[in-house]
Amino acid sequence: MVGAAGCSAVLDLVPKLRGELGLDAVVANAENSSPTGRGITPKSGAALLSVADFLTLGNHAFDAEGYEEFLQADHRVVRPANFDGRHPGRGWGLFESGGARVGVANVLGRVFVERTRISPFEAADRAVVALEEEGADLVLVDAHAEATSEKQALGHHLAGRAQAVLGTHTHVPTADLSILPGGTAYVTDVGMTGCEDSIIGFDREDFIGLFVGEHRRGLPVATRGPVVFNGVLVDFDLDGRRATGIEPVRRRWEP
């Protein structure tokens, strides 16, 4: 979700979707949830955890003021596992829902994103093994990356070992939802929750100015108009430890 508008939509819609779709658990990427659209704050994180079970982050994990204490204190939020131990927080974690132990890992791609030298593939391997050793019944990996090929490669690399590999970061939902061999639910990008009249959740005119060479002092978050909510619904067979279905979830929310 991008900025205050995206968070407001999530806070209103997720409790309703739990009943409408029969959701057992909700995992959300919150790396753009701060008012600036870059990072997570203690306030935005706490609000989102009132409706979601677990939060993941990405390349903006450390961009908002107050992130250190929040990432250290709350075990229901993870930053990319391929940041090293000098960074606060953790790269994977567990929560329980409906008698199942759900493991969640976050990895950051390296193609076009120069934030870490550690391979997301190596980090994902470590996370999956660690979560299984900790007793996870299901493992979900948030593949936060710019390149679609890198996310697809992560999906196939983890096929049959993680039960879901869901891509984030580009904010535009893709139409390649599938169940990979071994029972792994996959999508290249789940999309964003943010203002509809925007460019990836940010002010449209300022973003255009960035590309046509006009001088701009930053990219403000879009704040007006309807909000589009994007996500995916994944069904799992707990006994078989495999995903059985994945479909898009899209709603339009009026503030």
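The values are calculated or read from the model by the stated rules, or taken from the named source; none is laboratory data. A quick note: this is a predicted structure, and the numbers were derived from the prediction, not measured. Note: ideal-geometry Cβ built from the backbone for every residue, glycine included; neighbour counts use all protein chains shown.
Give the range 188-203 a look and list any residue that's assigned to a loop (DSSP other than H, G, I, E, B), under 13 Å from GLY37 (Cα atoms) and over 18 Å from the mean Cα position of the chain (by Cα), or say none.
Across the range 188-203, the qualifying residues are SER198, ASP203.
Does at least one position in the range 64-71 carry a residue that is over 27 Å from ASP235 (Cα atoms), touching a helix residue (DSSP H, G or I) at 6+ places or on another chain (Cβ under 7 Å) and among the hydroxyl-bearing types (Ser, Thr, Tyr)?
no
Does ALA185 qualify as being over 24 Å from HIS60 (Cβ atoms), surrounded by 19 or more Cβ atoms within 10 Å (Cβ to Cβ), under 16 Å from the mean Cα position of the chain (by Cα) and modelled with pLDDT of 95 or more?
Yes.
How many residues, within the range 142-179, are farther than 16 Å from VAL234 by Cβ, among the hydrophobic types (A, V, I, L, M, F, W, C) and touching a helix residue (DSSP H, G or I) at 6+ places or on another chain (Cβ under 7 Å)?
Qualifying residue count, the range 142-179: 2.
Can you name the residue in the range 204-234 that is among the charged types (D, E, K, R) and farther than 23 Å from ASP12 by Cα and is also nearest to the chain's Cα centre (by Cα) among such residues?
Once the filter is applied, the top-ranked residue is ARG204.
Restricting to the range 84-99, and then to whatever is more than 20 Å from SER33 (Cα to Cα) and at pLDDT below 95, can you tell me which residue is surrounded by the most Cβ atoms within 10 Å (Cβ to Cβ)?
SER97
Starting from the range 39-52, keep only residues that are polar (S, T, N, Q), then list their pairs with residues that are in a loop (DSSP other than H, G, I, E, B) whose Cβ atoms are within a distance under 6 Å, requiring at least 6 positions of separation or different chains.
Within 6 Å, the pairs are THR41/SER34; THR41/ALA64; THR41/GLY66; SER44/SER33; SER44/SER34.
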